[in-house]
Amino acid sequence: MAVTEIRSALAALGMIDNPDADLTTGRHVALDVFDEDLDHAVRAFQQHRGLLVDGMVGEATFRALKEASYQLGARTLAHQFGAPMYGDDVATLQARLQDLGFYTGLVDGHFGLQTHNGLMSYQREYGLFPDGICGPDTLRSLYFLGSRVTGGSLHAIREEELVRRSGPRLSGKRIIIDPGRGGDDHGLIMQGPAGPISEADILWDLATRLEGRMTAIGMDTFLSRPGGRSPSDAERAETANSVGADLMISLRFTSHVSPAASGVASFHFGNSHGSVSTIGRNLADFIQREVVARTGLRDCRTHGRTWDLLRLTRMPTVQVDLGYITNPHDRQLLASSTTRDAIAEGMLAAVKRLYLLGKNDRPTGTFTFAELLAHELSVEQAGRVSPS
């Protein structure tokens, strides 16, 4: 994307002075120069949209700039197989359908089948031809009703109700575990207690430790990839959706040019439209607290992001950046099998806390695998007892 296009797109969003402003102020702006003002505007935009804040207009930032340029009514919206429509106009449509009670998904700006079906239901109810296409007639009706009806997040209510109705037992719940990297993408090679070990090796090992504990407790667990492949985030999300999982936990490391950067952070879906995966946020918070309490890694808190992995999955998804592989202290901890056991146990405890809904809770960092297993058995036995 050319510098002049970036500047114009950000100016249209009000995030930098309009290039035409110098005609009235006398201030000269070199439109084709990526100056300090433009760098600040790009970073502010990335922060606002839940993107990686690096000042670089890469694929994700370019796509977000394009999506932000669409306003509802500027184009006809419809579900397109193979070439889905994305944009702020789609997000506005989703928000209005949600206020009217016809859409229960995330307001994510993605015109998928759920948006298509919600729009058709609205059109049918309002007496329009139910073709799932947002054209002039549908827009007029939405504008007429939009200022009169507002509501809460049906998606949040639906997510929370699904968790409540599924009960406190972990047995039978389906979870996708997503180890990062893989295949030829080994990441950093470091020296571990037993010799050289790569980022990919550690992430795979951690995923199998978590999988083993979850399987032992009765959960249906799936890995997002085979050991020899490194699929894209979109492909990982597609795998999770095809399984029909209840939750997805993605395991990653991060890096920084400064070796001083350290700590663990957890991410859930959350965007500038105010749409948040409530259960994803709750799980991210539980995981963050458990991992910090059990490992001593610095707490870099939880954050809402719009990354493909979080945006394209149809179940609550959490990405956990388990430390900075470029930090000597984090690296040493993560190379230790003891730390990886603690992380796996902490994540299992976090999932259990999610389904306990605050009942029979214990202080953070104190649930052991043996106690979790005993709790599962006690709940199962209680369920078998018929009322007298």
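The values are calculated or read from the model by the stated rules, or taken from the named source; none is laboratory data. These numbers were taken from a predicted model, which means no experiment stands behind them. Virtual Cβ from ideal backbone geometry, glycine too; neighbours counted across all protein chains shown. Protein only, heavy atoms only, side chains kept; ligands, DNA and RNA dropped before computing areas. Shrake-Rupley method; radii C 1.70, N 1.55, O 1.52, S 1.80 Å.
For the chain, which longest stretch is free of loop sites, where a loop site is one of the chymotrypsin sites (Phe, Trp or Tyr not before Pro) that DSSP puts outside H, G, I, E and B and that has at most 16 other Cβ atoms within 10 Å?
Formally, the longest exposed-site-free interval is 82-388.
I'd like to verify something in the chain: which complete DSSP H helices, judged by Cα projection on the helix axis, reach 27 Å or more and average at least 0.0 on the Kyte-Doolittle scale? Show your work: numbers first, answer last.
Numbers: long enough: 337-356 (28 Å, 0.27).
Length and hydropathy pass: 337-356.
Give me the extension gain from residue 53 to residue 4: residue separation times 0.36 nm, minus the current Cα-Cα distance, reported in nm with one decimal.
15.6 nm
Between segment 251-326 and segment 40-97, how many Å separate their Cα centres?
Result: 22 Å between the Cα centres.
Rank 274, 242, 231 by how far each Cα sits towards the positive end of the charge dipole of segment 230-306 (+1 on Lys, Arg Cβ; -1 on Asp, Glu Cβ) and give me just the farthest.
Result: 274, furthest along the dipole toward the positive end.
Taking every DSSP beta bridge with both residues inside the chain, roughly what % is antiparallel (nearest 5)?
If I count the DSSP bridges inside the chain, around 40 percent turn out antiparallel.
Mind checking the per residue accessible area of segment 77-144 for me, 1.4 Å probe, whole number of Å²? Don't jump to the answer; show the numbers that get you there.
Numbers: 2960 Å² over 68 residues.
Value returned for segment 77-144: 44 Å² of accessible area per residue.
For segment 77-144, I need the span (max minus min coordinate) of the C-alpha atoms along each principal axis, in Å, sorted largest to smallest.
Reported extents, whole Å, longest axis first: 29, 21, 17.
Quick check for you: with a 1.4 Å probe and neighbouring chains kept, what is the accessible area per residue of segment 168-363, in Å²?
Values: 7570 Å² over 196 residues.
Averaged over the residues of segment 168-363, the accessible area is 39 Å².
For a quick size check, give me the Cα extents of segment 1-138 along its three principal axes, largest first, whole Å.
Sorted largest first, the three principal extents are 55, 32, 26 Å.
Between (1) 0.97; (2) 1.01; (3) 1.04, which entry matches Rg/Rh (Cα atoms, Kirkwood Rh) as derived from the coordinates of this structure?
Of the listed options (1) 0.97; (2) 1.01; (3) 1.04, (2) comes from this structure.
Please build a GNM for the chain, connecting alpha carbons under 10 Å apart, and tell me which residue among 320, 107, 57 fluctuates the most.
57
Measure of size requested: the Rg and Dmax of segment 202-357, with Cα atoms as the atom set and Å as the unit; please supply both.
Cα-based Rg and Dmax for segment 202-357 come out at 14.8, 42 Å.
Tell me the carbon and sulfur percent of the accessible area for segment 34-123, rounded to whole percent, probe radius 1.4 Å.
54
Full extension from residue 113 to residue 37: what is 0.36 nm times the residue separation minus their Cα-Cα distance, to one decimal in nm? Walk me through the intermediate numbers first.
Details: separation 76, 0.36 × 76 = 27.36 nm, distance 4.03 nm.
Result: 23.3 nm gained on full extension.
How much FRET efficiency would the formula 1/(1 + (r/R0)^6) give for residue 69 and residue 337, where r is the Cβ-Cβ distance and R0 is 45 Å, rounded to 0.05?
About 0.35, to the nearest 0.05.
Does anything in segment 305-340 have its amide N under 17 Å from the 7 Å Cα→Cβ label point of residue 369, and if so which residues?
Answer for this model: 336-340.
Mean separation of Cα pairs under 8 Å and 6+ residues apart, divided by the residue count of the chain: what relative contact order is that in percent?
14
Counting only protein heavy atoms and a 1.4 Å probe, tell me what percentage of segment 168-363's accessible area is made up of carbon and sulfur.
47
Counting other C-beta atoms within 10 Å, and keeping those with at most 13, which DSSP coil trypsin sites (Lys or Arg not before Pro) do you find in segment 302-366?
359
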